Amino acid sequence: MDDYSTKEAVLQLGILDPIVAEILKASPITPIDYDTVTVEQMRQGLDVFEQTSYDACPTHGTQESTMTIPMRDGYESELRVIQPPSRPASGTPLVVLLYGGGFFLGTTLQFVPWGRAVAALHGATVVLPSYRLAPEHKFPIGAHDVSDTMKWLAANATSLGADLSQGFVLAGGSAGGNLAIVAAHRAVKEQLSPPLTGLFACLPVCMSEHNVPEKYKHLWLSREQNALGPNCTLKDIEVQGQLLEQDELSEDWSPFNSDASFAAMPPTYVQVCGKDTLRDDGLIYEKVLRDHGVRTKLDVYPGMPHGFFMAWAQLTQSLKANVDAIAGIGWLLGKDVDRNEVERVWNLKKPIYK
């Protein structure tokens with residue numbers, strides 16, 4: 001594992017991949033004009049993308065349903081549940097997948113392709129929770145929704161056919177990665193029972209200039225280096241913050257504000273994009289976990305922008321990242337993962353770029 005321990009090594013990750021550079025030259029990404037584009041319009045655009053991906057994704061023999069569960073204030077929050085093709089009487093592991101979208105976009109459809117593959121390949125029950133979005137619901141409502149969901153699942157997993165002693169993994173991407181990390185540290189602090197057995201943080205945001213660990217401040221470079229994106233620009237992050245109104249000194253925002261022991265965290269898998277404003281959040285978070293003796297796995301995609309595996313799904317690197325994610329969840333479940341089998345299930349289309 002390359003630990004990216006020097007400024008030079010970290011900055012090297014931010015050199016744009018040449019294939020992506022070719023794509024952007026032919027089809028440039030137009031920055032969002034936040035003065036004219038509404039939140040609702042942005043939601044509609046992402047909703048169409050998620051629905052299209054959902055409709056195109058094979059079920060792999062899995063079964064899917066939705067239900068609602070109560071939050072602390074009486075709100076009924078939706079869960080999407082994916083069951084594996086066969087469910088043993090002894091129960092299944094449970095994997096929770098949290099969507100991203102800057103805390104103001106996204107639905108439970110977003111990670112259904114991963115969820116179906118995980119359920120089919122690893123024999124897990126997969127839950128895709130919703131959480132309330134900004135700007136209608138300010139910080140920390142979304143974080144509280146996720147923590148409440150994890151408590152409900154810990155108490156009611158058997159009703160879903162799951163046995164948490166076989167595995168209880170929490171995962172999330174981007175904003176969902178933040179919510180997963182925050183909920184995992186709260187679970188450790190509050191001694192959630194049964195405890196989490198694994199955490200997957202995909203392209204997470206989990207710190208700000210207020211709480212970067214002193215030891216690693218010289219490596220927190222991506223906000224400046226990758227400020228112009230092309231995806232998830234510094235302007236995007238600023239607007240998201242204005243919509244959410246987060247308290248960056250709260251434990252509901254960053255694990256570095258929590259007094260939960262890092263050493264007590266479960267094994268953790270982290271994915272990081274080199275050409276991402278959030279890159280160094282993930283790199284530094286993984287380093288701190290390792291410093292505390294936590295078993296970690298890190299996959300880094302040099303030169304790739306935030307969310308590239310969704311934006312350009314047929315890149316070879318995108319196919320690798322998706323296969324890595326499914327295999328990484330298997331690693332967290334203690335499964336002997338046959339990568340060829342993961343690739344067989346995921347590679348429904350041949351890559352069109354190298």
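The values are calculated or read from the model by the stated rules, or taken from the named source; none is laboratory data. Predicted model only: the values in this text are computed from it and were never measured. Note that each Cβ is placed from the backbone with ideal geometry, even for glycine, and that neighbours are counted across all protein chains shown.
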*Answer with yes or no whether Asp280 is modelled with pLDDT of 95 or more, outside any helix (DSSP H, G or I) and crowded, with 16+ Cβ neighbours inside 10 Å.*
no
*Looking only at the range 142-166, count how many residues are surrounded by 19 or more Cβ atoms within 10 Å (Cβ to Cβ) and of a type in the set (Val, Ile, Thr).*
2
*Looking at (1) outside any helix (DSSP H, G or I); (2) closer than 30 Å to Pro28 by Cα; (3) modelled with pLDDT of 95 or more, can you tell me which one Lys350 breaks?*
(3)
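Here is a yes/no grid of residues against (1) part of a loop (DSSP other than H, G, I, E, B); (2) over 26 Å from Asn347 (Cβ atoms):
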site: Leu16; (1), (2): yes, no
site: Ile32; (1), (2): yes, yes
site: Phe49; (1), (2): no, no
site: Gly61; (1), (2): yes, no
site: Glu64; (1), (2): no, no
site: Arg72; (1), (2): yes, yes
*Name the residue, out of Glu190, Glu248, Glu224, that is on the phi < 0 side of the Ramachandran plot, touching a residue at least 12 places away in the same chain (Cβ under 8 Å) and out of contact with any strand residue (DSSP E or B) (no Cβ under 8 Å at 6 or more places or on another chain).*
Glu248
*the range 305-332, residues that are over 21 Å from Thr268 (Cβ atoms) and among the hydrophobic types (A, V, I, L, M, F, W, C)*: Phe308, Met310, Ala311, Trp312, Ala313, Leu315, Leu319
*Hey, does the range 231-252 have a residue that's of a type outside the set (D, E, K, R) and modelled with pLDDT under 95?*
yes
*Mind listing whichever residues of the range 250-277 are in a strand (DSSP E or B) and either surrounded by fewer than 20 Cβ atoms within 10 Å (Cβ to Cβ) or of a type in the set (Phe, Trp, Tyr) (or both)?*
Tyr269
